[in-house]
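Taking it in order: structure first as structure tokens, then the write-up.
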Amino acid sequence: MYLLKTEGVGESKKRAFLNKLKDQYRLTIFNDSTFQSVWSIKLSRLKVFTLFSVASLIIVILVTFIIAATGLREYIPGYPDAKQRQMMVNTALKVDSLEIELAKRDEFFKGIKAIISGEVPDDNIVIDTASDTYDVSFTEYNHDSVFQDNLLAEQLSLSIQNNTRKKTELSQMHFYVPVKGIVTNHFNLSADHFGVDLVSDPNARICTVLEGTVIFSGWTLETGYVMYIQHDADLVSVYKHNAELLKTTGDKVKAGEAVAIIGNSGELSTGPHLHFELWHRGNAINPEQYIDF
């Protein structure tokens, strides 16, 4: 009998609590002078709790969106700023480059170890995958005649090269201006600055100074998008910090032809400009001695 009485009291308390939540209340605003009702609303405890929960959820969502989609997130303690994120990206690129170089070094040492131990390195192992054999017929020919023909071809080739070099000396070449602009940093061997820096209009086209062949067109970490062009008379022109390369390795280019777009790529770049170099037989020369910028 005692247990039944206790359960009845508990159920009555629950019903009383639910009834309190459902009880209706009226919030009325009166005019203090005339005591006239200005505004009135009927509420219950359950409605107030529901409205308060929905409003809190909306405020939390708005605050989260504002912090995540605006620059305010940089003021949150522990969140990296733009400079730190850039450093993280650069560090990741350097780590990738270091891993590649370490892998190359390990392969090199592995080959050296194999050679010292008298084994054949993996790169030099040739696997014969041919399954069929073929009959090969040999034809006799005059070795002396072939040797004389090759010697004559080499002599003709050397004579043509010598004549070409005589006609293409540096003093006789007409150089095109790679880009119209202002020289902001001059050639200085003592400071390891092997070219000139030219500042020009944004998205200006960079032209090759002479006719030649593109021997390198790609990306480097320090100088960004770079292009090397081989010209006559053992001359090489270099174009660094480009925003875009218009030619690829192996392309033939004419003098004055557009090969790149001026940019600000690479870690060593401090602003949109072209770093231009001239190399003659492996030595850097001052471009301002041959080109009127």
Being open to solvent by less than 50 Å² (accessible area, probe 1.4 Å), at positive phi and out of contact with any strand residue (DSSP E or B) (no Cβ under 6 Å at 6 or more places or on another chain) is the requirement here; does Gly224 meet it?
no
Could you tell me which numbered condition Asp197 fails, if it satisfies all but one of (1) among the charged types (D, E, K, R); (2) farther than 30 Å from Met87 by Cβ; (3) open to solvent by less than 40 Å² (accessible area, probe 1.4 Å)?
(2)
Scanning segment 234-255 residue by residue, the ones that are more than 16 Å from the chain's Cα centre (by Cα), of a type outside the set (Asp, Glu) and open to solvent by 30 Å² or more (accessible area, probe 1.4 Å) total 8
Collect the residues in segment 266-281 that are touching a residue at least 40 places away in the same chain (Cβ under 8 Å) and assigned to a loop (DSSP other than H, G, I, E, B), keeping them in residue-number order.
Gly266, Glu267, Leu268, Ser269, Gly271, Pro272, Arg281
Among the residues of segment 180-216, which ones are farther than 16 Å from Asp251 by Cβ, of a type in the set (A, V, I, L, M, F, W, C) and in a loop (DSSP other than H, G, I, E, B)?
Phe187, Leu189, Ala191, Phe194, Ala204
Filter segment 205-221 down to residues that are surrounded by fewer than 21 Cβ atoms within 10 Å (Cβ to Cβ) and in contact (Cβ under 8 Å) with a residue 60 or more places away in the chain, then give me how many there are.
1
Go through (1) modelled with pLDDT under 95; (2) closer than 16 Å to Ser217 by Cα one by one and return the number of the condition Ile261 breaks.
(1)
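To keep it simple, each residue is scored yes or no on (1) open to solvent by 70 Å² or more (accessible area, probe 1.4 Å); (2) in contact with a strand residue (DSSP E or B) (Cβ under 9 Å, 6 or more places away or on another chain); (3) of a type in the set (A, V, I, L, M).
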{"residue": "Phe30", "(1), (2), (3)": "yes, yes, no"}
{"residue": "Ser33", "(1), (2), (3)": "yes, no, no"}
{"residue": "Val38", "(1), (2), (3)": "yes, yes, yes"}
{"residue": "Ile41", "(1), (2), (3)": "no, yes, yes"}
{"residue": "Ser44", "(1), (2), (3)": "no, yes, no"}
{"residue": "Phe52", "(1), (2), (3)": "yes, no, no"}
{"residue": "Ala55", "(1), (2), (3)": "no, no, yes"}
{"residue": "Ile58", "(1), (2), (3)": "yes, no, yes"}
{"residue": "Phe65", "(1), (2), (3)": "yes, no, no"}
Would you check if Leu98 is surrounded by 10 or more Cβ atoms within 10 Å (Cβ to Cβ) and modelled with pLDDT of 80 or more?
yes
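The values are calculated or read from the model by the stated rules, or taken from the named source; none is laboratory data. All values derive from a computational prediction rather than experimental measurement. Note: ideal-geometry Cβ built from the backbone for every residue, glycine included; neighbour counts use all protein chains shown. Ligands, DNA and RNA are stripped out before the accessible areas are found, and what is left, the full protein with its side chains, is counted by its heavy atoms. Shrake-Rupley method; radii C 1.70, N 1.55, O 1.52, S 1.80 Å.
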